[in-house]
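*Asks:* Quick one: this structure, given as structure tokens, is what I'll be asking you about.
The values are calculated or read from the model by the stated rules, or taken from the named source; none is laboratory data. Just so it is clear, the structure is predicted and the values come from calculations on it, not from any experiment. Cβ placement follows ideal geometry from the backbone for every residue including glycine, while neighbour counts extend to all protein chains displayed. SASA here: full protein model, heavy atoms, side chains in, ligands and nucleic acids out. Shrake-Rupley method; radii C 1.70, N 1.55, O 1.52, S 1.80 Å.
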Amino acid sequence: MKAIGVLTSGGDAPGMNAAIRSVVRSCIYHGVKVYGIYYGYQGLIEGEIKELTIGSVGDIIQKGGTMLYSSRSEEFKTPEGQKKAIEQLKKFEIDGLVVIGGDGSFRGAKKLTEQGFPCIGVPGTIDNDIPGTDFTIGFDTALNTVIQAVDKIRDTATSHERVYAIEVMGRDAGDLALWAGLAGGAESILIPERESSFDEVIEKIKRGHERGKRHSIIMVAEGVGSAVDYADQINEKLDLSTRVTVLGHTQRGGSPTATDRVLASRLGAFAVDLLINGKQGRMVGIENNQLIHHDIIEALEQQHNIDDGLYQLSNQLSI
Ligand code: ADP
């Protein structure tokens with residue numbers, strides 16, 4: 001392996017920069033040239049490629065977003081687009097690619113590997129929705145962003161005796177809502193992986209109210225629907241004025257937490273090790289704090305599961 005390329009693709013996540021830095025410096029450490037591919041797969045097709053040095057990735061470990069920028073590319077989904085991408089990689093004499101992104105980006109990496117170009121996927125998404133790893137880069141930062149918001153909302157909720165429905169991201173996964181609900185002391189957590197009884201949500205609000213509780217927080221994963229709709233339903237049943245906060249893209253930004261920086265550094269270096277050792281079509285991840293790798297597509301075919309123990313515990317603690 002003489003030269004490795006690195007790109008970020010799909011939704012950005014805090015910690016992607018730390019992963020890029022790790023890939024770049026690990027390559028240089030091992031005497032391998034390293035190229036940054038800007039604007040994801042679209043930039044690859046268009047040849048937005050530049051050699052990176054140790055200094056290129058200085059002062060980025062603490063920054064959110066991605067210095068390589070990201071994009072979504074319809075053209076790359078076509079065989080012609082993939083052919084153009086491989087031609088660009090050959091032109092720069094790149095012989096391995098690290099793709100930092102979510103499941104869509106991994107499918108793209110698999111397509112290139114099938115066409116003979118070695119790729120390794122590094123999971124970067126705040127949603128934590130990639131099977132084959134306990135955590136994705138960006139999840140911990142997003143979780144902490146949500147928690148900071150929940151704590152602030154709690155202050156005002158207590159002052160005004162209110163119910164708050166807070167909608168968080170996660171696409172079809174409920175991890176962010178579950179972890180934030182548990183860490184933020186939510187009364188109810190609504191996630192796509194578990195059927196929640198709306199009557200139970202109402203019962204909990206009532207019980208809390210009778211006990212003299214001044215506020216209730218309902219954590220709503222975007223995958224179960226809109227917090228506005230849930231708030232309307234609560235207001236209809238209880239004659240309340242439930243307030244809604246949709247945290248939206250604030251969850252995608254910000255300086256990565258130490259946990260995300262360490263995870264990104266470990267996974268980036270591991271991806272380079274695998275390429276140097278002749279592996280391809282793999283995704284890297286972390287399970288029980290050990291670095292692991294799986295076939296990229298077999299991993300994506302597994303179902304993503306939430307931690308049932310955490311779900312049970314959150315119910316137990318929010319009686
Ligand atoms: P994420 O990686 O965050 O899940 P997307 O699903 O938008 O984000 O995927 C990012 C990019 O990966 C897409 O814009 C496309 O270029 C590429 N991609 C996604 N799915 C495929 C696929 N099935 N085949 C080839 N490329 C794909």
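*Asks:* I'm trying to understand the selection: among the residues of region 12-46, which are open to solvent by 20 Å² or more (accessible area, probe 1.4 Å) and within 16 Å of the ligand (Cβ to nearest atom)?
*Replies:* Scanning region 12-46 gives Asp12, Tyr38, Tyr39, Gln42, Glu46.
*Asks:* Step by step: first the residues of region 68-109, then only those that are farther than 26 Å from Asn277 by Cβ and among the hydroxyl-bearing types (Ser, Thr, Tyr), then the one that is nearest to the ligand (Cβ to nearest atom). Which residue is that?
*Replies:* So, considering only residues that are farther than 26 Å from Asn277 by Cβ and among the hydroxyl-bearing types (Ser, Thr, Tyr), the one nearest to the ligand (Cβ to nearest atom) is Ser73.
*Asks:* While we're looking at this one, here's another question. Take Gly64 and tell me if it is within 8 Å of the ligand (Cβ to nearest atom) and either modelled with pLDDT under 95 or of a type in the set (Gly, Ala, Ser) (or both).
*Replies:* Considered against the rule, which asks whether it is within 8 Å of the ligand (Cβ to nearest atom) and either modelled with pLDDT under 95 or of a type in the set (Gly, Ala, Ser) (or both), Gly64 comes out as no.
*Asks:* Could you give every pair whose Cβ atoms fall below 9 Å, whose first residue belongs to region 18-32 and is under 17 Å from Thr8 (Cα atoms), and whose second residue is surrounded by 21 or more Cβ atoms within 10 Å (Cβ to Cβ) and among the hydroxyl-bearing types (Ser, Thr, Tyr), counting only separations of at least 6 or pairs across chains?
*Replies:* Between residues of region 18-32 that are under 17 Å from Thr8 (Cα atoms) and residues that are surrounded by 21 or more Cβ atoms within 10 Å (Cβ to Cβ) and among the hydroxyl-bearing types (Ser, Thr, Tyr), the close pairs are Ala19/Thr8; Ala19/Thr66; Ile20/Thr8; Ile20/Thr66.
*Asks:* For region 194-245, enumerate the residues that are more than 20 Å from Asp155 (Cα to Cα) and touching a Lys or Arg at 6+ places or on another chain (Cβ under 8 Å).
*Replies:* Matches in region 194-245: Ile202, Glu222, Gly223, Leu238.
*Asks:* How many residues are open to solvent by 40 Å² or more (accessible area, probe 1.4 Å) and closer than 30 Å to Arg252 by Cα when one looks only at region 71-93?
*Replies:* 5
*Asks:* Here is a follow-up. Can you tell me which of (1) within 25 Å of Met169 (Cα to Cα); (2) assigned to a strand (DSSP E or B) is the one Gly10 doesn't meet?
*Replies:* (2)
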